[in-house]
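One structure is given here, and the rest of the page talks about it.
None of the figures in this text is laboratory data; all of them are computed from the coordinates on show. These figures come from a predicted structure and were not determined experimentally. Backbone-built Cβ (ideal geometry, glycine too); neighbour counts: all protein chains shown.
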């Protein structure tokens, strides 16, 4: 039966749930049947009550390590790829058996950045995930670690499932990204080290103060940490998606958060939903360079729907070509937007700081007066 025929009882209808390795192992070195049973039961309940769900799940490497009887972490990319290859099937088999108990069908999607770099790949993946949700199928998404390696991470690798989960939420235009961890949320300091640390219940803007609170992974089991969760939150917020970091051990956490109960740390999104093209541009998947603009240009871009002109550009980074997407930063190093550039990097370097009427003289040809036209510009 199509999920569109089931009335959703929750505040958030389309939900992406991210499990880290520690959530599936319960803190041990292998998959925990009891832990996975609880998580699957919660997901099944939410799905049967009208929510559309996608799961971004770690755990393949841990499952592979368990199969081979390894007790220590295996170092080196090839070995991690081997463990992921062995463990992914075991992970999916565990999910399959557990979801079958609840009569819920699941699917699998293994993604890399390279799959989504171009607009067509992005849309094809989006269409598949949306169709699965329409059918009431829960798709289990993971990074394809067998082919996405650190040496080509700028092209192919998300780097961690925090960023992958934000990208999936961006893809399907989710209402909520629930990032389940072993912490109650984001704190003012590490609560394990500072007894005075306080939970931050709501974050409306990720500024330098919030970023200073970030720290690396403390579980020793995953690849992420607070830093990557903040990166994921930035993309979710810019895409118009609420993100919540909450403790996965909290009883009934998935249904409670879906229903709007204030648990964990909630990151408040922009008020208006982005369209698919804007979300693709904001995702950063196809970004090839960076432009730094002066205060006047930054103010004009933020206040008015204006194009970016050469006169306001101060610095150029990257080796991008005409038609590539570039990020736009102000002089303080804050990203204010992104857009499709009308010029290659070397051309922008030649015309930065000059008035539009002088561009043709600088380049020796008639050219567009805008470096990034307002129709191809997305502000954060």
Residue 365 versus residue 319: modelled label distance in nm, points set 7 Å from Cα along the beta carbon direction: 2.0
On Cα atoms only, tilt of 119-134 relative to the major axis of the chain in degrees: 30
Inter-label distance, nm, simple model (7 Å from Cα along the C-beta direction), residue 93/residue 131: 2.9
Nearest-ten-degree value, helix 33-48 long axis tilted from longest Cα axis of the chain: 70
Between helix 161-172 and the chain: long-axis angle, C-alpha atoms, 0 to 90°, nearest 10: 70
Whole-number percent relative contact order across region 287-379, with pairs defined as alpha carbons under 8 Å at least 6 apart: 34
Distance between region 317-367 and region 104-135 - C-alpha centres, whole angstrom: 33
Shape box of the chain [Cα atoms, principal axes, largest first, Å]: 70, 50, 44
Cα-based Rg of region 287-379 normalised by 2.2 N^0.38 Å, two decimals: 0.95
Taking the chain and dividing mean pair separation by its residue count, relative contact order in percent (alpha carbons under 8 Å, at least six apart): 15
